[in-house]
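The values are calculated or read from the model by the stated rules, or taken from the named source; none is laboratory data. What you see is a predicted model; the values in this text were computed from it and never measured. Because the Cβ atoms are built from the backbone with ideal geometry, glycine has one as well, and the counts that use them run over all protein chains shown.
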Amino acid sequence: MPVLLSSLFQRLVAIVDIFLTGGLGASALAATGLGQLQVFVTMTIFWGLSTGTTVVIAHLKGSGRDEEAKKAAVTAIFFCIFLTALVSMAGAYGGGDLARLMGASPEVQALANQYIKLVFIWLIWTTGVNILSAIMHGVGNTRTPMEAIILVNILHLLLAWPLIYGKLGMPALGVRGAAIAINFSEFIGCSYLLWQAIRKGYLGFSLPDRQLFSRIWQVGWPVALERIAQQSGQLVYSSVIISYGTTAYAAHQIGLSIESLSFMPGAGMGIAAATLMGRSLGAKKYQRAHVTHVEALRLALVVMGIMAAVFLAIPQYMVMIFSSDPDVIRQGTVFLRIVAFAQIPLAISFVYAGSLRGAGDTFYVFIVTLLTMWGVRVLLAWIAGPVLHLSLYVVWGVFLVDWYARAIAFAMRYHKRDLHSSVI
């Protein structure tokens with residue numbers, strides 16, 4: 001439950017920015033969405049590092065090797081700092097150009113550049129929250145990361161509204177205000193997690209260990225490639241959506257923000273499945289490993305099944321929370337009704353992929369993601385949009401094919417795999 005809530009609240013930071021900047025108009029909303037998309041793409045390598053960290057620490061804790069688990073945590077933090085320094089510079093100075101290459105209008109480009117620069121300059125707080133949460137998930141503490149994410153959300157909400165619109169004596173900074181609110185709130189969240197990690201004894205005071213890093217990266221690099229395949233494909237897919245106009249992309253971004261209320265809990269169940277799978281296999285308790293997978297799948301299906309019903313029943317009212325533009329509401333309503341049919345395969349994909357990662361089978365998850373994102377979603381969207389000039393709703397519909405294909409591929413792999421052969 002704490003992992004589920006952490007995933008939900010983590011996504012709420014981005015949703016709040018979309019909600020608040022929506023009042024500035026479609027261009028500001030689209031610019032914020034483009035900036036967030038670039039951050040998600042950049043975070044791919046850090047998600048790989050985090051997954052590797054969680055799985056390796058879980059295996060070490062499960063087998064009773066606590067000191068090695070502490071060394072692995074310190075090793076992961078050092079490497080995270082090094083990577084953050086590199087990508088911060090690249091994102092801060094190249095993010096605006098990427099928005100232009102994606103086809104954004106000059107007005108959207110200018111606003112996106114303001115948001116992107118500030119978020120990337122202080123990316124260390126975002127990556128810090130990510131890696132410290134991964135360490136705590138590995139040792140089985142899911143409550144503390146949840147507390148940090150809730151703290152981040154509260155601070156972000158208190159700061160974002162006055163900074164964007166100039167309330168409570170603060171300057172009206174627009175999309176820059178949203179970025180500043182994210183930076184400060186995640187700085188506080190990262191500081192809280194670091195303090196708790198030291199206080200609870202999760203970190204060993206030692207130099208990075210090359211062998212432990214090798215084990216972390218052995219698990220993590222396919223996850224990084226998987227996320228690169230996913231997010232880069234999402235960038236190309238989004239460029240097809242942008243070709244239908246700013247209003248279409250604004251509706252798309254609002255729809256994604258609302259949909260994340262359902263798929264982030266599913267993703268949380270995937271994280272829980274990976275952690276518990278890793279600890280159970282480390283302790284050589286293979287039956288318990290399978291039981292945790294089944295329970296995570298059941299919970300994900302229940303939550304996302306309920307959200308599918310909500311998306312079908314009242315989509316227009318959910319879109320109206322974010323925008324009063326009639327065209328945005330109309331298109332966003334159709335988007336939510338389409339994604340309602342993706343909720344069950346999403347739940348299956350998240351949990352099966354999480355269990356496979358916990359068993360160390362991250363390369364297979366990468367291959368399936370690469371083939372379905374680029375060979376199904378991007379290819380079909382390109383054919384439907386730029387080639388055949390079909391309806392926007394057809395382009396939106398192709399991701400259903402993507403997620404059903406993933407669900408089948410992950411489930412087949414899991415049920416054919418022998419958990420006794422899983423070695424990290």
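Just so you know, in the range 373-424 the residues that are closer than 28 Å to VAL291 by Cβ and exposed (fewer than 14 other Cβ atoms within 10 Å of the Cβ) include one that is modelled with the lowest pLDDT, and it is VAL423. The number of residues in the range 1-39 being farther than 15 Å from LEU256 by Cβ, out of contact with any helix residue (DSSP H, G or I) (no Cβ under 7 Å at 6 or more places or on another chain) and among the hydrophobic types (A, V, I, L, M, F, W, C) comes to 2. If you check ASP66 against the conditions, is it charged (D, E, K, R) and in contact (Cβ under 8 Å) with a residue 40 or more places away in the chain? Taking the combined requirement at face value, the residue does not satisfy it.
Conditions (1) surrounded by 23 or more Cβ atoms within 10 Å (Cβ to Cβ); (2) farther than 28 Å from ASP17 by Cα, marked per residue:
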residue: LYS285; (1), (2): no, yes
residue: VAL291; (1), (2): no, yes
residue: ALA296; (1), (2): yes, yes
residue: ALA308; (1), (2): no, no
residue: PRO315; (1), (2): no, no
residue: VAL319; (1), (2): yes, no
residue: ARG337; (1), (2): no, no
residue: ASP361; (1), (2): no, yes
residue: LEU371; (1), (2): no, yes
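Table: residues versus (1) out of contact with any strand residue (DSSP E or B) (no Cβ under 8 Å at 6 or more places or on another chain); (2) modelled with pLDDT under 90; (3) buried (at least 16 other Cβ atoms within 10 Å of the Cβ).
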| position | (1), (2), (3) |
| --- | --- |
| LEU158 | yes, no, no |
| PRO162 | yes, no, yes |
| GLY169 | yes, yes, no |
| ALA172 | yes, yes, no |
| VAL175 | yes, yes, yes |
| ALA179 | yes, yes, yes |
| SER185 | yes, no, yes |
| GLY189 | yes, no, yes |
| LEU194 | yes, no, yes |
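Evaluation of PRO222 against the conditions (1) closer than 26 Å to LEU49 by Cα; (2) surrounded by fewer than 20 Cβ atoms within 10 Å (Cβ to Cβ) shows that the sole unmet condition is (2). Residues that are outside any helix (DSSP H, G or I) and more than 18 Å from the chain's Cα centre (by Cα) do occur in the range 395-417, at least one of them.
Each row is one residue, and each column tells you yes or no for (1) within 21 Å of the chain's Cα centre (by Cα); (2) of a type in the set (Val, Ile, Thr); (3) modelled with pLDDT under 90.
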| site | (1), (2), (3) |
| --- | --- |
| GLU67 | no, no, yes |
| LYS70 | no, no, no |
| CYS80 | yes, no, no |
| GLY103 | no, no, yes |
| TRP125 | yes, no, no |
| ILE135 | yes, yes, no |
| GLU147 | yes, no, no |
| ASN153 | yes, no, yes |
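Could you please tell me which pairs satisfy a Cβ distance under 8 Å, a separation of 6+ or placement on different chains, a first residue in the range 197-224 that is within 16 Å of ILE135 (Cα to Cα), and a second residue that is among the acidic types (Asp, Glu) and surrounded by 17 or more Cβ atoms within 10 Å (Cβ to Cβ)? Here the result reads LEU212/GLU68, each pair linking the range 197-224 to a residue that is among the acidic types (Asp, Glu) and surrounded by 17 or more Cβ atoms within 10 Å (Cβ to Cβ).
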